[in-house]
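Notes to accompany the following structure.
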Amino acid sequence: MYKKIFLLLLSTTAYLYATPASALQEKEEIKYVDPFIGTDNAKVYTKWGKEGGTYPGAVAPWGYIQMSPETVGAGQPGYHYADTSIQYFSCIGHKSGFPEGSKGNIKLMPINKDGNRLRTFRHQDEQAKPGYYSIRFQDDNTLVECTATARVGVIKITFPARTAPKLWIDDVGTLALTSSNTAYGTQHGSAFQFSMAVSKQELVNGGYTLHFTGNQTSPTVLTVLVSASPVGYTAALKNIKALLQETKKTKETLFSYANKQTSNEWAALMQTISINDTNIHHKRSFYTALYHACLLPWVISDIDGFYMGVDGLTHQTKRQNQYGGFSPWDTFRTLHPLIQLLWPQKQADMVGSMLDVYKQSGFLPTESMTGNHAVPILVDSYLKNQRIADAKEIYQALKGSIYQGPYKQPDLTVYHKKGFIPATMGESVTRTMEYAYDDWALANFARKVMHDTATANVAERYSRAYRQLFKTDELLFIPKDDAGWKEQPGTVGYKEGDAYIYSYFVPQYPLDLINLMGGDSLFTSRLAHFLSKQQLVFDNEPAFHVPYLFNYAQRPDLTQYWVYSILTKRFSDTPDGLPGNDDLGSLSSWYIFNALGFYPMAPGNPIYTFGTPLFDKVTIHLPSKKILSIQKEANKDSAYYLQGVQVNGKPYAQFEIDHQTIASGALLEFTLGEKSDSPWNKCASPITADSRKPLVRINKVEVPKKHVNPNERVAVVVHLSNKGAMRTKRLEIKLDGKPYTSKNVLLHEDETRQDTLYFRLYPFGNHQLTLEDHRWSMQVIPSDHKQATAVEVSQLTYTPLLKLGTKQRLQYKVKNLDGAPQKIQLPVHFDEQVIGTDTFTLEAGAEQQREWVFRANEKGQKTIKIADQHGKCVVYNQPRKALLLGGPNWDVASSELIIDKTPFTNVANVKGQAFSTKEQTFRLDSQRYVIWKQNAIVNAIDTRMTIMLWIKPQMPAAELVDIFSKGDQHVLQLVDGKKLNFFAGGWGRGECIAELPTDWYGKWHHVAGVCDGKNLYLYIDGQLKASQAVAPNINLANTNRWQLGQNEEFPGERIYQGLAKNVMVFTENLSAAEIAAIAGINK
């Protein structure tokens, strides 16, 4: 049978490749698609990844084959718009929008007449549109054109006359020719068919160079068909055969036919949504987003319907197509709800494919992130379309994945036992919050579809597990364990996030979240502040729903403000126009929903919440010829505040709308204006709300005394009761009409309790105090005993390592503890000498931040003293003297504590007797590691840094091994046992990766990572091995702890096994010569 396939491929060659591709008439919508959007790093500030991660190559909708160029220059694989050289074209595996999502497998590249395959290019010589990519290389005028169907890629190479055509192929295993123009590879189930006979095959550096006979008087055109199938190369050959047979029925060339078919498919998808608006830039962003939303999950079934299951067996699909490449953490929020709305039959096939994964493996698909978010995908899809799959089959998969062990995520056992994930386990807050969301989705399905009250009750209890991690005084969700809360966790306890972003991941219960955070007013002011100050940045999936939380706090105007601001200021129609990783089209799907004016707040509940529409008129062509029309009327182009909403011609007073109304076809009319406090914004409400609202009252206030001395602690006892839902109550005392002190108190349902507020008063005289409706007077009188000092100095900070001749900046707080104004005089001591006196006046009880600046003109170790605040600093004249932490020798304080010999005497905890005093060496493994105590000194890093150490590694057992780390912010790590990676300021800023030397394991090596503020450098044994440009001048200070052998963010994971010594952290970027010198000391 396979011989017949090869004969067919040969017999059709001459006919199919004879003529050039015909021009295609572009449809209106498709011309706005620009595949280059997202191929560069974001031009806006991001915290969790700047790389858009998209690729410009040719691909069919949800196609398994993607023909895309990969560049070189940025130091990372894939296509990067800033690069100027293309190294090859890759054909499969591009996970669009992931970090390095533009890289792929099965590599092809035409070789120029000089024998080079690394070729410079210019963007003006590139063209990319849906289903088509081309580049003309300037070195010899070679033209490369790519197109693709879902299962077959086509690359057409036009070589100049008098050139011997040569094609490089790699990443296919062994390449075997089955005929003069057909080949297959032993990896990726790859197969190839060439329009010309191969005259010679060479093995070159692990890849292959194929030679062809060229024309002497005219250009030579070589067309290559590529297919791949996890089933095997014979299945890939069938895919090629099918395309050849289809093309033979037409009068077109193969490239032209494939290009036209795919272009028409893309045009049909783009025509699902029609836009009437004059803003071309917004339309380009929108239709490119729609394009990016149709790339994954991708088709994994071959033309005959067979596919490779996750069980390693070949299966026949029961649907039009079988899909794979799932990443539910990324896609459950926006991508799958979008596909469900626009193309429900596609979503039905994807849901069926997910259920097949469960049948074959016992687990619904997950990925490297957290949670079991196939659960809300299935629940959301079924509640919106009950014909999508069998309810019993879905229910079994839901329960089997998260309630019936053994679990794919082992920490689910702990979660079910304790009701949350403790801080002793990695990503504890993130995992708790996301498991709770999945439980909520399951509870919805159990109650609404299966009528299983018992399971629904259990799931609903777990769906509020986030409450266990709510720290009332901070109004944030913080890691904790049996020992208590983790103070200043930084990014520890979170996945791609911190307390600011994950404290708002309760989209399933927004009203409960608002109540926990103190009610509408306090919640709104804090969230608006975090967004404005970019403590919470819109750049990653956990932030997608955040702007809509304002709706539920009775401030829809702020939802509209932030949605419009994000759409118009963080997105643009340029290569750097995505504000973060597109993550398989999830960020693009967010843009689409928000531009339309509504958003799926919590998938698993078939409800959308209103934002503000971007376009004048949008027409969505839904299945069964239904039309959803969205129109806006604005008194100004830039107006975005809702003044009124009508649904099907009738006034609509809710800020939520159900899926059935949308999917049945509807007319949504929005009236927009510049008035934020419109009557509609003031009165809009959700469709449904929690059955119980909090009802907290202050019943009594006990004031123990009416006369106090300055700075005397006062205790006021407050009696409270709550007759409704759980709520945090902020108790705020006002002094003489102005806010003075406050405390957050969490009251459970129907709870009565008392709490105490402590504070101090200062100015002499009578004062009026109020706590809501409760009022009392207090008098501050002189003390019989004069205080020894009526001034308090605290929180001294300074630069511990200072370059000679630069300015030292001392900062400290000063408070007047007396009842009358004081003239304060504070001598400033530096190097045991008074260098000045800080003189100023403070009112009674006033506190002021002070600063003293001077130039350090003498090198060496110096002391600092202001009042009872002390410190040490080092003034250096060489970068290698800027040693902040570590060194070659250590003092042993106890069996578990060591102290470095820097002037700062940094203390580290040694676990499992990891340190050898005699050899001054660390022996590290799963039970032995070192973690430094956190303080202001070890965190005093600005924008530059060098970390280095000597290591003698054993063969790693994990994909990632963190040798030396400060959370997931500054890391030296091994990757796949083959590469060394360094990043500073978070991996999303950029990573610096180098291949390991051949003698890496079992021998001592010196490794160093350097950040100069704009670039990363990675050294092995004193030699520069890699560099990487990164987002410039990011402050590197963070509250994570330095750890040797592991990573505080991933307890018990990423374990380094081997020896280490001479661990050092510098606050300067050491030069190549300095690093080489240090590396040579103990060579």
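Observations
- Here the Kirkwood formula, the inverse mean of 1/r across different C-alpha pairs, assigns the range 975-1063 a hydrodynamic radius of 14.3 Å.
- Prolate/oblate/rounded label for the range 696-778 (Cα gyration tensor, a/c 1.5): prolate
- Between K693 and S1071, residue separation times 0.36 nm minus the direct Cα-Cα distance comes to 129.9 nm.
- Compactness of the range 791-876 was expressed as the Cα radius of gyration divided by 2.2 N^0.38 Å, which yields 1.14.
- Computed from the Kirkwood radius of its Cα pairs, the Stokes-Einstein diffusion coefficient for the range 335-462 at 25 °C and 0.890 mPa s stands at 165 µm²/s.
- Of K480/K738; K569/K675; K95/K625; K471/K1014, pairs whose Cα-Cα distance is over 26 Å: K480/K738; K95/K625; K471/K1014
- Between helix 344-361 and the chain: long-axis angle, C-alpha atoms, 0 to 90°, nearest 10: 80 degrees
- Cα gyration tensor category, rounded, prolate or oblate, for the range 274-683 with a/c compared to 1.5: oblate
- Net charge of Cβ neighbours under 12 Å - reference T453; Lys, Arg +1; Asp, Glu -1: 0
- Point-to-point label distance, S638-Q245, nm (Cα→Cβ direction, 7 Å offset): 6.1 nm
- Alpha-carbon centroids, the range 111-137 and the range 638-697: separation in whole Å: 51 Å
- Reach of K238 by Cα under 16 Å, taken over lysines that are not fewer than 8 positions away in the same chain: K3, K4, K248
- The range 2-270 shape via C-alpha gyration tensor axes, a/c threshold 1.5: rounded
- Checking (1) 0.99; (2) 1.22; (3) 1.04 against the coordinates, the calculated Cα Rg over 2.2 N^0.38 Å falls under label (3).
- Computed on the chain, with alpha-carbon pairs under 8 angstrom and 6+ residues apart, the relative contact order is 8 percent.
- Dipole check for the chain: with +1 at the C-beta of Lys and Arg, -1 at the C-beta of Asp and Glu, and the Cα centre as origin, the magnitude is about 140 Debye.
- Using only side-chain charges placed at the Cβ, +1 for Lys and Arg and -1 for Asp and Glu, the dipole size of the range 240-331 relative to its Cα centre rounds to 340 debye.
- Debye intensity ratio in log₁₀ form over the Cα atoms of the range 879-1081, taken at each q of 0.08 Å⁻¹: -0.22
- Helical runs assigned H by DSSP (4 residues or longer) give the chain a calculated mean residue ellipticity at 222 nm of -6000 deg cm²/dmol, each run adding -39500 (n - 2.57) before division by the residue total.
- Radius 10 Å from Cβ of G97, net charge of other residues (Lys, Arg +1; Asp, Glu -1): -3
- Convex hull per residue volume in Å³, alpha carbons only, for the range 158-230: 76 Å³
- Length added when fully stretched, H123-A176, from 0.36 nm per residue minus Cα-Cα: 15.5 nm
- Cα centroid separation, the range 337-372 to the range 732-783 (Å): 55 Å
Throughout, read-outs are computed from the coordinates displayed, never taken from laboratory work. All figures in this text were calculated on a predicted structure; none of them were measured in a lab. Virtual Cβ from ideal backbone geometry, glycine too; neighbours counted across all protein chains shown.
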